[in-house]
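The values are calculated or read from the model by the stated rules, or taken from the named source; none is laboratory data. Fair warning: this is a prediction, and the values are worked out from it, not measured in the lab. As a convention, Cβ positions derive from the backbone with ideal geometry for all residues, glycine included, and neighbour counts pool all protein chains shown.
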Amino acid sequence: MPGPVRILAVRELAAFFLSPLAWVVLALFLLFHGYLLHVTLTATDGDVEATLRSLLGGAGFWLSLFLLAPALTMRLFAEERRTGTLETLLTAPIGDAQVVTAKFLGAFLFYALLWAAWLALPATIVLLGGSPDLGALAARLVGVLLAGGAFLAAGLFASSLTSSQAIAASTSAVLLILLSLLSFAARWLPEGVLRRAAEEAGFLRHLEDFARGIVDLRHVTYYVTFTLFFLFLTVRSLESRRWR
């Protein structure tokens, strides 16, 4: 990793921990998933695998992603625009693509740290006598990281479009909801290429195998492609400022 990208990424990660919002997000994230763990264990009569499958692929997981991605990315470019520091950053001896990569890595590393803290929940299950399938758990976490990367990249793109954090967060949330609903909307389309394309384009469908503990290269490719696509759009969004 080039030195400037590493330095900027570390700066972005440090900025998360210097912000009260980051600690609030961490606390609410763990409280929310701790509550889900309790409710799901009760509903499944202590079935550890069913509980983890629900936690890492159910409605609660998607709700946390819909809230996390906008919260973590809304300030990354919007705040730079608002304070006027974006122009300084873009005129520094570092390319737009490197700036976008560093911003994304900072947000992604913080996101990964949230899920590292989340591992305390299955660890609690083990201490209480449960025995989760560690291979399946690892596969689910791979899906969580890949899906999160795509969501964060979309949020980063939304943040590059405006100087308002509120608008960036709402734009990101709407974009993610629309992309996630594609899988459901496909059910009302007639059989054919368009229906299959809508099914494949939806975010939700590709996490199903991960939730079952299966790592499929097609789903990995999908999330990586979507992440790179939104990062590309973000670079183009920044470059467009030079033409104005």
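Do we find that E87 is within 26 Å of V144 (Cβ to Cβ) and surrounded by fewer than 20 Cβ atoms within 10 Å (Cβ to Cβ) in this structure? First the steps, then the outcome.
Working: within 26 Å of V144 (Cβ to Cβ): no; surrounded by fewer than 20 Cβ atoms within 10 Å (Cβ to Cβ): yes.
No; evaluated as a whole, the condition is false for this residue.
Could you list, in sequence order, all residues of the stretch 106-134 that are modelled with pLDDT of 90 or more and within 22 Å of I214 (Cβ to Cβ)?
A112
Could you list all residues from the stretch 37-57 that are more than 16 Å from L141 (Cβ to Cβ) and in a helix (DSSP H, G or I)?
Correct list: H38, V39, T40, L41, T42, A43, A50.
What's the number of the only condition in (1) in contact with a helix residue (DSSP H, G or I) (Cβ under 9 Å, 6 or more places away or on another chain); (2) among the small types (G, A, S); (3) surrounded by fewer than 19 Cβ atoms within 10 Å (Cβ to Cβ) that A71 fails to meet?
(3)
Can you tell me which of (1) within 20 Å of L238 (Cα to Cα); (2) in a helix (DSSP H, G or I) is the one I94 doesn't meet?
All conditions are met except number (2).
Which members of the stretch 163-180 meet the condition of being modelled with pLDDT under 85 and small (G, A, S)?
Answer for the stretch 163-180, where residues must be modelled with pLDDT under 85 and small (G, A, S): just S180.
Rundown of residues vs (1) of a type in the set (S, T, N, Q); (2) touching an Asp or Glu at 6+ places or on another chain (Cβ under 8 Å), yes/no style:
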{"residue": "L113", "(1), (2)": "no, no"}
{"residue": "T124", "(1), (2)": "yes, no"}
{"residue": "P132", "(1), (2)": "no, yes"}
{"residue": "L156", "(1), (2)": "no, no"}
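Please enumerate the residues belonging to the stretch 196-242 that are touching a residue at least 24 places away in the same chain (Cβ under 8 Å) and of a type in the set (S, T, N, Q).
T227, T234, S237
Of A22, A43, A14, which residue is of a type in the set (A, V, I, L, M) and either touching a strand residue (DSSP E or B) at 6+ places or on another chain (Cβ under 7 Å) or at pLDDT 85 or above (or both)? Steps first, answer last, please.
Working: A22 fails: either touching a strand residue (DSSP E or B) at 6+ places or on another chain (Cβ under 7 Å) or at pLDDT 85 or above (or both); A43 fails: either touching a strand residue (DSSP E or B) at 6+ places or on another chain (Cβ under 7 Å) or at pLDDT 85 or above (or both).
Being of a type in the set (A, V, I, L, M) and either touching a strand residue (DSSP E or B) at 6+ places or on another chain (Cβ under 7 Å) or at pLDDT 85 or above (or both) holds for just one of A22, A43, A14, which is A14.
With the requirement that a residue be under 20 Å from E79 (Cβ atoms), without any contact (Cβ under 8 Å) to a residue 24 or more places away in the chain and surrounded by 12 or more Cβ atoms within 10 Å (Cβ to Cβ), what does the stretch 20-48 give you?
Of the residues in the stretch 20-48, the ones under 20 Å from E79 (Cβ atoms) are 20-26.
The next check asks that each one be without any contact (Cβ under 8 Å) to a residue 24 or more places away in the chain; those that pass are 20, 23-24.
Scanning the stretch 20-48 gives a single hit, W23.
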